[in-house]
Amino acid sequence: MNFPPSENQSVRTCHVCKGARVYYLFSAGDHRMVRCDDCGLVFVNPQPSDDELARIYHAHYFPEKISDAGKKTLAGVRQAAAQLYLSQIRRYHGSTTGRLLEVGCGDGDFLVEAEAAGWQVTGVELSPSAGQRAQARLQNGEVRSGEWSLAALPAAQFELCVISSVLGDVRSPAGLLQEIHRVLKPGGTLFIAMPAMDSLLARLMRQKWMELKAEHLTYFDRQNLQTALFKSSFRDVIAQPGGKIINFDCVRIHFDRYPAPLMTGLLNFLAHLLPAKTRARHHHTTASGMMVFARKAELKPQPVLSVVLPAYNEAKTFDELMAALLHKEIPGLLMEIIVVESNSTDGTREAALKYKNHPRVKIILEDCPRGKGHAVRTGLKAAIGDYVLIQDADLEYDLEDYAALLEELVAGRSAFVLGSRHGGRNVLKMRRFAGQFGLSLFLNFGHWFFTALVNGLFFQRLRDPFTMFKVFRRDCLYGLEFECNRFDFDFELLVKLIRKGFQPVELPVNYRSRSFKEGKKVRMFRDPLNWLGVLLWLRRVEIDPLKTVEQKRKGNQPTP
């Protein structure tokens, strides 16, 4: 990687989305922290010079001048952490053999454990002294020290690459991800362990957060890190709170190296009171970090949008909608249209079959209607695009809003966008039927009630969580399973994407609500009761994409 000149330099645009709306957030020590208002990335600006970083990464950055007891404590914690990482990698990657690269291997703690587990290991380390110590501990592995560049490594060489914290320490995170993509074999796995800016401790402590250190230049959260991986052609991404092994003595050593008012003195005082076994006991915590898994994907010449179109008894509007979709052009994107027809009784199936040979259209025929949610789920499984947009067949939503909704995703500012029907000042626009003010008011009240419920249960501030105009990166679905078949699928998709780490962005869209006389299929009383039950179920259901991937692999079933 090419580093800027040695003098301190300001970064003018965001590393992830390239946005220029970068503003001061707070100061941490002598460093000024800024935040991108578009994607939320936090980074040091201006950045320290190369000379300053070199002083940080001197020979004693990996502490040697500590007591033998301290060295034993750190070694035990690092060994436990390495074993934890290997166990989690095994769940995602499957195989436990092959060629493994660690970028930023330090003293080699992880490489030693990986080599013992059967991997052929290679390490890259900036600190020459740490690299020498790591090399001395390995049986057959190799450590390259003095830089983090991977330029000297051949392409498509490794099945697995591991980075622990280093991605936030380089001047160009995107450049490092591109180099890793080059040296991984097709389908190779990338594992990242690093502090998370959206973790509990980071949100609570802000500028007092213990992970704010002089050598850390960039601070990701789960969403913008997944965006960075997506833009570097990694797919099948799972980001979850990161497990970390600590004990009392390890925390005390940290605060001895990075003194903090009151905390350092308190820990040293407690060290004289607590029994040695208590101080040495390991604890698994997820308060500050994240673990991220991804696979190398092929580079595409042009990204693809998958429009999922469920259709049941929509003969009146189907042909008009299809004509508009096939005429639609979105600069920079190819489009595929996935029609899921649910055995209509009004001629919709016959209308859909007219497009069965069109190169941009996929027709999926269901043998019976199982609900709109089931049809959308079927369409999502067939989608191959980089981005997914769900389009109703009834012309309630306006195709002219596609460009604005997709622009957020393509630019990298967001991974999940909702087309809000409550845009503007017209609060009754959602449900306004001519001559039926009472019905309109009743339905709008139901919308407000369920919106408040969603916001309360899942800590959101959304205006229209139930819009069917949902646009997202298809990769967001990886590791998720869906069960709902009717309109409750709107709730399930929304909540599971949120709980996977994707914060939706709402943009106003044009919307014309059709009446029940025109074919609206929502059931007035049964569906709201179902929605209530689904929301309560979603509040307590386990969302564990890594577990889903592991189970699918063992059963040889495809993962969404």
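For this structure, a couple of remarks:
- Residues considered: 152, 174. Of these, the only one that is outside any helix (DSSP H, G or I) and within 30 Å of residue 14 (Cβ to Cβ) is 152.
- Unique match (being among the hydroxyl-bearing types (Ser, Thr, Tyr) and under 23 Å from the mean Cα position of the chain (by Cα)) among 149, 145, 164: 164
- Among the residues of region 10-34, those that are assigned to a loop (DSSP other than H, G, I, E, B) and among the hydrophobic types (A, V, I, L, M, F, W, C) comprise 11, 14, 16, 17, 20.
- Failed item in (1) surrounded by 13 or more Cβ atoms within 10 Å (Cβ to Cβ); (2) modelled with pLDDT of 80 or more, with residue 247 passing the rest: (2)
- Only a single criterion out of (1) touching a residue at least 60 places away in the same chain (Cβ under 8 Å); (2) crowded, with 16+ Cβ neighbours inside 10 Å; (3) out of contact with any helix residue (DSSP H, G or I) (no Cβ under 8 Å at 6 or more places or on another chain) is not satisfied by residue 148, namely (3).
- Checking residue 74 against (1) assigned to a helix (DSSP H, G or I); (2) at pLDDT 90 or above, the condition it does not meet: (2)
- Some residue of region 371-384 being in a loop (DSSP other than H, G, I, E, B) and either over 22 Å from the mean Cα position of the chain (by Cα) or not assigned by TED's automatic domain parsing to the domain that holds residue 478 (or both): yes
- Check on residue 380, closer than 24 Å to residue 461 by Cβ and modelled with pLDDT of 95 or more: no
- Residue that is farthest from residue 403 (Cα to Cα), among those in region 490-532 that are assigned to a helix (DSSP H, G or I) and at pLDDT below 80: 526
- Hits in region 155-171 - residues which are in a helix (DSSP H, G or I) and touching a helix residue (DSSP H, G or I) at 6+ places or on another chain (Cβ under 6 Å): 167
- Counting only residues that are part of a strand (DSSP E or B) and hydroxyl-bearing (Ser, Thr, Tyr), region 139-149 holds 1 of them.
- Residues in region 316-342 that are under 23 Å from residue 404 (Cβ atoms) and among the basic types (Lys, Arg): 328 only.
- Lone qualifier among 487, 459 - being closer than 24 Å to residue 399 by Cβ and at pLDDT below 95: 487
- Any hit, region 342-356, residues being buried (at least 18 other Cβ atoms within 10 Å of the Cβ) and within 23 Å of residue 419 (Cα to Cα): no
- Residue list for region 320-331, filter: among the small types (Gly, Ala, Ser) and either crowded, with 18+ Cβ neighbours inside 10 Å or touching a helix residue (DSSP H, G or I) at 6+ places or on another chain (Cβ under 6 Å) (or both): 324
- Selection status of residue 136, in the same structural domain as residue 214 (by TED's automatic domain parsing) and assigned to a helix (DSSP H, G or I): yes
- Hits in region 218-236 (condition: among the polar types (S, T, N, Q) and over 16 Å from residue 165 (Cβ atoms)): 223, 224, 226, 227, 232, 233
- Any hit, region 205-213, residues being on the phi > 0 side of the Ramachandran plot, at pLDDT 90 or above and either surrounded by fewer than 20 Cβ atoms within 10 Å (Cβ to Cβ) or not assigned by TED's automatic domain parsing to the domain that holds residue 181 (or both): no
- Residue match in region 395-403 (condition: more than 22 Å from the chain's Cα centre (by Cα), among the aromatic types (Phe, Trp, Tyr) and closer than 24 Å to residue 350 by Cα): yes
- Meets criteria (hydrophobic (A, V, I, L, M, F, W, C), at pLDDT 80 or above and in the same structural domain as residue 406 (by TED's automatic domain parsing)) for residue 428: no
- For region 35-44, filtering for residues that are closer than 10 Å to residue 218 by Cβ and assigned to a loop (DSSP other than H, G, I, E, B) leaves 1.
- Filter result (in a strand (DSSP E or B) and out of contact with any helix residue (DSSP H, G or I) (no Cβ under 6 Å at 6 or more places or on another chain)) within region 332-356: 334, 335, 336
- Unmet requirement for residue 483, which otherwise passes all of (1) surrounded by fewer than 17 Cβ atoms within 10 Å (Cβ to Cβ); (2) under 14 Å from residue 380 (Cβ atoms); (3) touching a residue at least 12 places away in the same chain (Cβ under 8 Å): (3)
- Failed condition for residue 42, given (1) at pLDDT below 90; (2) buried (at least 16 other Cβ atoms within 10 Å of the Cβ): (1)
- Contacts under 7 angstrom Cβ, first residue in region 374-395 being under 14 Å from residue 469 (Cα atoms), partner polar (S, T, N, Q) and surrounded by fewer than 21 Cβ atoms within 10 Å (Cβ to Cβ), 6 or more apart: 393/317; 394/317; 395/317
- Among the residues of region 96-106, the ones that are assigned to a loop (DSSP other than H, G, I, E, B) and surrounded by fewer than 24 Cβ atoms within 10 Å (Cβ to Cβ) come to 4 in all.
The values are calculated or read from the model by the stated rules, or taken from the named source; none is laboratory data. Please read all numbers here as calculations on a predicted model, not as lab measurements. We place every Cβ from the backbone using ideal geometry, glycine too, and count neighbours over all the protein chains shown.
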